[in-house]
Structure formats: structure tokens, C-alpha cells
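> My questions will all concern the structure given below.
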């Protein structure tokens with residue numbers, strides 16, 4: 001089930017976020033930036049702010065299975081641009097359609113809001129995420145669109161099938 005995140009989800013979302021990031025940052029960036037108590041506290045603070053946003057500013061969506069948060073997606077609308085800021089699936093739930101369901105829920109929200117284009121940044125070494133986004137129609141910006149260790153991708157929000 002995909003639903004809007006609530007304040008009481010923040011601890012589960014933050015823990016999921018830290019676990020998921022470890023899968024692609026481990027061995028590539030200093031561990032203190034993605035793991036441990038400080039990283040978890042930073043994640044809780046950031047997710048608390050994201051969940052508290054009002055709908056015009058963006059949304060946080062959760063995937064839930066048997067009462068457990070198994071995935072999360074967040075997007076933000078600012079300065080006339082929509083950015084998919086996060087999409088994480090708990091590694092214990094990979095390859096079960098959770099990411100695709102979250103992505104589809106984001107597409108539905110963007111269509112309802114009349115959003116035609118969305119951007120995101122993905123860590124350059126996160127090949128799993130890059131393959132996921134490519135399979136869902138996201139395209140890379142030219143190399144000049146690179147921000148440090150991240151690639152910028154864009155998606156033209158497709159109309160509902162059959163339109």
C-alpha cells in the first residue's frame with residue numbers, strides 16, 4: 001500500500017533511509033556521512049521537515065507492507081521546479097515492485113498537480129538506481145549537468161495511458 005507519510009513514520013523512514021544509503025555509499029564516502037547515530041539523527045531531522053511540508057511544497061509517500069514502512073519517496077516544489085529528492089526501498093524489500101509503486105504514486109501526484117517535468121540527482125556510483133530511473137523514462141542531462149558526484153536526470157511526466 002502507498003500512502004502519505006505521517007509524523008509517526010519518521011523514525012522508520014529515517015532508519016530505512018540510512019540502511020538504503022549504506023548500500024551505495026559504503027566504501028565510497030566516509031562512513032560517518034551515511035551511517036551511525038549522527039547520520040540517523042540528521043536523517044530524522046530532515047525527514048521530520050519533509051513530512052511536515054504542506055502539499056503545494058511537496059509530498060512524502062510511504063510504501064507499507066504488513067504495517068512496516070518498506071519504501072519512501074519525497075518530492076519538493078520550489079522556485080518553479082519539482083525535484084524528486086528521495087526514493088528509497090528497504091534493501092530487504094528490493095525486487096518486489098515497491099520502488100515502481102512509489103514511482104507510479106509520484107507520477108499520479110505530479111499529474112494531478114499539472115507538473116510536466118521533474119528532476120532528480122542520483123549518486124554517480126549508484127548504478128542500481130540509475131538503471132531503475134532509466135527503465136522509468138528518466139534521461140540524463142548532458143555531462144555539464146553533473147553536480148559533484150551526482151548526475152542530474154529529468155523526466156517529462158507522461159500522460160495517463162490511453163490519453
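The values are calculated or read from the model by the stated rules, or taken from the named source; none is laboratory data. None of these values were measured; they are calculated from a predicted model. Cβ sites come from the backbone with ideal geometry, for glycine too, and all protein chains shown count toward neighbours.
> Would it be correct to say that residue 19 is farther than 27 Å from residue 77 by Cβ and surrounded by 13 or more Cβ atoms within 10 Å (Cβ to Cβ)? Reasoning before the result, please.
Values: farther than 27 Å from residue 77 by Cβ: yes; surrounded by 13 or more Cβ atoms within 10 Å (Cβ to Cβ): yes.
Here the answer is yes, as residue 19 does meet what is asked.
> Okay, next question. What residue, of 84, 16, 107, 61, is touching a strand residue (DSSP E or B) at 6+ places or on another chain (Cβ under 8 Å), within 20 Å of residue 133 (Cβ to Cβ), modelled with pLDDT of 95 or more and not in a strand (DSSP E or B)?
After ruling out the rest, the residue left standing is 16.
> Among the listed residues 28, 3, which satisfies the condition of being surrounded by fewer than 15 Cβ atoms within 10 Å (Cβ to Cβ), part of a strand (DSSP E or B) and in contact (Cβ under 8 Å) with a residue 12 or more places away in the chain? Spell out how you get there, then give the answer.
Working: 28 fails: part of a strand (DSSP E or B).
On inspection, the qualifying residue turns out to be 3.
> Can I ask one more? Looking for something outside any helix (DSSP H, G or I), within 24 Å of residue 95 (Cβ to Cβ) and modelled with pLDDT of 95 or more - is there at least one such residue anywhere in segment 35-49?
Restricting attention to segment 35-49, the residues satisfying the condition of being outside any helix (DSSP H, G or I) are 35.
Right, trim to within 24 Å of residue 95 (Cβ to Cβ) and you get 35.
Filter once more, so that each one left must be modelled with pLDDT of 95 or more: none.
Scanning segment 35-49 turns up no residue that is outside any helix (DSSP H, G or I), within 24 Å of residue 95 (Cβ to Cβ) and modelled with pLDDT of 95 or more.
> Shifting gears a bit: Those residues that are under 16 Å from residue 133 (Cβ atoms) and in contact (Cβ under 8 Å) with a residue 24 or more places away in the chain, I need them from segment 88-103; list them, please.
88, 89, 98, 99, 100, 101, 102, 103
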